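All of the numbers you see were taken from the coordinates with simple rules; none came from a lab. Please read all numbers here as calculations on a predicted model, not as lab measurements. Positions of Cβ are backbone-derived with ideal geometry, glycine not excepted, and every protein chain shown enters the neighbour counts.
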Amino acid sequence: MALSSIDYAIIVAFFVITTSIGLFASRRAGKSFSEYFLAGGQMSWWMLGISMVATTFAADTPNLVTGIVRRDGVSGNWVWWAFLLTGLLTVFVYARLWKRSGVSTDLEFYELRYSGKTAGFLRGFRAIYLGVVFNCLVMANVILAGIKLGGVLVGATPIQVVLVTGTITVVYTLLGGLRGVILTDCFQFFVAMFGAIAAAYVVCNLPEVGGFTNLLQHEEVRSKTALLPDFSDMDALIPLIIMPFAVQWWSGWYPGSEPGGGGYVAQRMLGARSERDATLATLLFQAAHYSLRPWPWIIVALASIVVFPSLESIQVAFPGVDPQLVQDDLAYPAMLTYLPSGLLGIVIASLIAAFMSTISTHLNWGASYIAHDFYRRFVNPEASEHRLVATGRWATVGLMIVAGAVALMLESAMESFSIILQIGAGTGLIYILRWFWWRINAFTEITGMAVSLAVAMFFQFGYVHTGLPELRSWQQLLFGVVITTLAWMLATIITPPTDRETLRKFYRKIRPGGAGWKTIRNELAADGVHVETGDSITTGLKAMMAATFLIYSVLFSTGYLLYQSWICLGGSLCVCVVSAVALWQTWPSLRIDGPPSEKQ
């Protein structure tokens, strides 16, 4: 479709502002590794929180949500809403522990927690495994969304989208480092939210839709609006509620929702100026991620069912789009073609904002692994700060090239989402327990990582050749969790524990609570070493549960308000108030910014 002059003016203005922010931040970015990759460790909680929300506000997320709603209804989103538990566990248990660790990347943690050559191997391997392989797969998913948006909105080919967006994003990321990413994220988030809300308002008032009230009364839409799946339908209940809440949230690993924190979330926590800022930042992230953002996308997805009731109708409307790319997730950009001039430019700018925010974060995060955890650790231990920053910048360019190439081979957002979930199945509990049980060692993580990858590859490429009955995705996930968990538990038992001195230093520095460190605490006490009291895990879990009910009740309240379901709205608001009071009462006992860790 053709863009007007005002649309182009808005998009150009957006690029000018974001580039100016990057240039402003570039004055400090190249001074040191800490400044380039951790923003000097001096960022405030609200900026870090908004930055994390902006990062997960990816160009592919509206497409993913649209595909879910069109196939499984609004309740289908529980496949990712359940990850709230993972995020809040990080908020109330792990955020302050990460800040106390004092590491520069979450992979440096391995040689703080484990000992010997296996710890070094694990750190180096994860730098490539996560920083390159996983990271590029996630970025490819985002780029795929850009390909679909570009094809529908401006008629661009996949190669054109990859080249143009890749070049712009790399240049922008190279300028300001993490500080530039965070500052720009704050601007981009508000642009993206305005664009999403405006798009939802306009599509609801299309003649084909006839307003939000008529939309909800449409026969095909009415069956998709339930916030919870039919509890009598086990085919829906198991994958959407039972598996996510009973197994997936603690056992799986997904970028941005790592059990125990990790990835770019850990990077933001390490960039906070205090334990309090790290905790508040992750809490703001979880609240906005789950309760604020989904509804504009859901509204557009429901409206798309009326306008484009089938994949064939999308293909007919956009004959120039590659038929292989015509999946349910394409309905979101298809709906945006109905926006008027001016607003279309704002929405395209908002989608570019979402794209740039996510890609820039992943580029900076992945490059930090390559520069710090691989290059400095194994190739050039004496590398200067300038050399590390230069290595990170070259890594940024390389990651973008690989991610762009992978994106050209994908077809749908849900495809890679399912692959990533399966690869991480069974490893999540390791990342939770390694902070609170001294017996977890480097072999535990190596075994979990290797077995989960092997199981995922078997289901992805080998299972179809076995002649066994076809398994649904949740069944594959469950098998992966069971097999991987049994494997790493066995490895933990039969392999030697971490060196005692390393464990003692770790405990004195981090002060983890719980019974899992009783052995080490007793040894330190027997040697006359004063040990600070560990944090209360019970208090953290109480706060986690209160915040869970609070955020879910806000999510439900918004939905019931839109649905004009007043009785349900009243009940949801009551839960919101009670849970908010419970969280308020629990908060003072969390010991945020407690006694400083001992100098080692």
(Q) Let me make sure I get this right: for region 153-292, a, b and c are the square roots of the gyration tensor eigenvalues over alpha carbons, sorted descending. Under 1.5 in a/c it's rounded, otherwise prolate if a/b > b/c, else oblate. Which is it? (A) oblate
Q. So what's the angle, to the nearest 10 degrees on a 0 to 90 scale, between helix 275-287 and the longest Cα principal axis of the chain?
A. 30
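If you take the Cα atoms of region 142-229, find Rg, then find the Kirkwood Rh from the mean of 1/r over all pairs, what is Rg/Rh?
Ratio of gyration radius to Kirkwood radius: 1.12.
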Q.
Test of understanding: given the chain, find the longest segment containing no trypsin sites (Lys or Arg not before Pro) that are in a DSSP loop and have at most 14 other Cβ atoms within 10 Å.
A. 32-471
Q | Scattering curve values for region 481-600, log₁₀ I(q)/I(0), Debye with Cα scatterers, q = 0.11, 0.16, 0.22 Å⁻¹ | A | -0.64, -0.89, -1.13
(Q) Looking at the chain, identify the longest residue range that excludes and avoids all GluC sites (Glu not before Pro) in DSSP loops having at most 15 other Cβ atoms within 10 Å. (A) 1-207
Q) Which three lengths, in whole Å and largest first, does region 97-148 cover when its Cα atoms are put on their principal axes? A) 46, 25, 12
(Q) Quick check on region 313-358: what are the equivalent-ellipsoid semi-axes from the Cα gyration tensor, as sqrt(5λ), descending, whole Å? (A) 22, 15, 8
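Over its Cα atoms, what ratio of radius of gyration to 2.2 N^0.38 Å does region 280-347 give? Walk me through the numbers on the way to the answer.
Values: Rg = 15.2 Å, N = 68, 2.2 N^0.38 = 10.9 Å.
Output field value: 1.39.
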Q: Project the alpha carbons of the chain onto their principal axes and report the range along each, largest first, in whole Å.
A: 78, 55, 55
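Can you divide the C-alpha Rg of region 349-474 by 2.2 N^0.38 Å and report the result to two decimal places?
1.35
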Q. When the Cα centres of region 337-363 and region 145-216 are compared, how far apart do they sit, in Å?
A. 2
Q. If the viscosity is 1.002 mPa s and the temperature 20 °C, what translational diffusion coefficient in µm²/s does Stokes-Einstein give for region 198-247 when Rh comes from Kirkwood over Cα pairs?
A. 166
Q: Provide 569, 339 in ascending order of the number of other Cβ atoms located within 10 Å of each residue's Cβ, fewest first.
A: 569, 339
Q.
Under 21 Å between alpha carbons: how many lysine pairs meet that in the chain, if sequence neighbours fewer than 8 apart on the same chain are excluded?
A. 8
Q. How many angstrom separate the Cα center of region 53-80 from the Cα center of region 242-310?
A. 11
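Multiply the residue separation of residue 205 and residue 486 by 0.36 nm, subtract the distance between their alpha-carbon atoms, and state the gained length in nm to one decimal.
Extra length available between residue 205 and residue 486 comes to 95.8 nm.
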Q) Semi-axes of the equivalent ellipsoid of region 485-546: what are they in whole Å, largest first, if each equals the square root of 5 times a C-alpha gyration tensor eigenvalue? A) 22, 21, 8
Q) Between residue 9 and residue 495, what is the label-to-label distance in nm when each label sits 7 Å out along the Cα-to-Cβ direction? A) 6.2
Q. How far, in nm, would the chain grow between residue 42 and residue 276 when pulled straight, counting 0.36 nm per residue and subtracting the alpha carbon separation?
A. 83.0 nm
